[in-house]
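These notes concern the structure reproduced below.
Derivation of every value follows stated rules applied to the coordinates shown; laboratory data play no part. Here the structure is a predicted model, which is why all the values come from computation and not from measurement. Virtual Cβ from ideal backbone geometry, glycine too; neighbours counted across all protein chains shown.
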Amino acid sequence: MRILILSDIHANFTALEAALTKSAGRWDTAVCLGDIVGYGPDPAEVSEKIRSLVQACIRGNHDKAVTGIMSTEDFNPVAKAAVDWTRSQLSPDLLQWLAALPQGPLETKGIMLVHGAFQDEDEYVFTPAQALEGLLDSTVAVTFFGHTHHQGGFAYRDSNLEVLQIRPRPKELFAPLRIEPEKRYMLNPGSIGQPRDADPRASFAIADLANHTVEFWRVPYEIGAVQSRMRKAGLPEPLVQRLEFGR
Ligand code: ZN
């Protein structure tokens with residue numbers, strides 16, 4: 001079975017559509033690691049689409065903030081403004097669906113889903129030390145996480161921790177990673193709607209564990225169209241601009 005792994009879509013429908021179009025026919029089931037909304041101009045469209053598309057989905061910190069599960073006290077003013085606008089765009093039905101999303105870790109189809117760190121959904125995993133807990137504690141060998149918006153991950157075997165730098169080149173759609181049976185993995189598909197690892201293309205992964213492969217994908221999309229919808233909605237300018245730099 002080939003599993004499409006989406007994360008940090010952040011209300012960017014154009015990026016989501018581009019990812020789904022390019023990967024059409026290449027996966028059997030889809031899962032989502034949270035942050036469906038927040039920052040982007042299309043919270044309702046993206047929520048509807050994810051609700052009908054995915055077989056399993058956990059919540060992210062933005063989904064919690066928009067639905068009031070988590071306070072926005074710790075958010076910077078730019079993120080907070082986007083949260084308030086996002087809430088105003090969602091029907092009670094969609095808000096209820098977002099509020100009911102389960103907390104990770106969630107095991108499904110032989111993989112583990114978490115939004116941030118393994119034991120704390122709001123914690124960022126940037127370094128090998130931060131990944132170690134998930135590598136050791138997960139009940140399955142391959143765990144997927146999001147939250148940092150950086151594609152890549154970590155592998156562990158016999159006390160050796162390895163940083164995985166897997167980046168599709170500018171003209172490539174994906175780069176494959178070979179999954180070795182003795183290793184444990186924490187893998188980040190990257191962000192669909194707001195990449196922050198210096199490549200502005202929409203980022204996701206396709207896992208095919210029966211064939212010992214995870215593909216890390218990057219798909220270009222029409223960033224300008226999303227930026228003009230954000231400006232029309234009055235979303236903060238720093239959020240508009242960062243899309244074209246992938247930062
Ligand atoms: Zn996010």
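Per DSSP helix of 4 or more residues, -39500 (n - 2.57); summed, then divided by the residues of the chain. What does that give at 222 nm, rounded to the nearest 500? Mind showing how you got there, number by number?
On the way: 8 runs with 78 residues, N = 247.
Mean residue ellipticity, 222 nm, calculated: -9000 deg cm²/dmol.
Return the lysines within reach of residue 109: Cα separation strictly under 19 angstrom, same-chain partners fewer than 8 residues apart disregarded; answer none if there are no such residues.
Correct list for residue 109: 183.
Cα to Cα, under 18 Å, and not fewer than 8 places away if on the same chain: which lysines meet these conditions relative to residue 64?
Hits, sequence-local ones excluded: 80.
Expressed in nm to one decimal, what extension gain is obtained for the pair residue 55 and residue 178 from 0.36 nm per residue of sequence separation less their Cα-Cα distance?
41.8 nm
If I stretch the segment between residue 48 and residue 136 completely, what's the gain in nm (0.36 nm per residue apart, minus their alpha carbon distance), one decimal? Don't skip to the answer; put the middle values down first.
On the way: separation 88, 0.36 × 88 = 31.68 nm, distance 3.54 nm.
Taking residue 48 through residue 136 to full extension adds about 28.1 nm, to one decimal.
Within straight cross-link reach of residue 171, meaning Cα distance under 22 Å, which lysines are found once same-chain residues fewer than 8 apart are removed?
Counting by Cα, and skipping residues close in sequence, residue 171 has these lysines nearby: 22.
At q = 0.09, 0.10, 0.14, 0.15 Å⁻¹, what base-10 log of I(q)/I(0) does the Debye formula yield for the chain when every alpha carbon is treated as an equal point scatterer in vacuo?
Treating every Cα as an identical point scatterer, log10 I(q)/I(0) equals -0.34, -0.42, -0.85, -0.98.
For the chain, what is the percent of antiparallel DSSP beta bridges, rounded to the nearest 5?
70
Mind giving me the FRET efficiency for residue 233 and residue 198? R0 is 35 Å, r the Cβ-Cβ distance, nearest 0.05 is fine.
It comes out at approximately 0.85.
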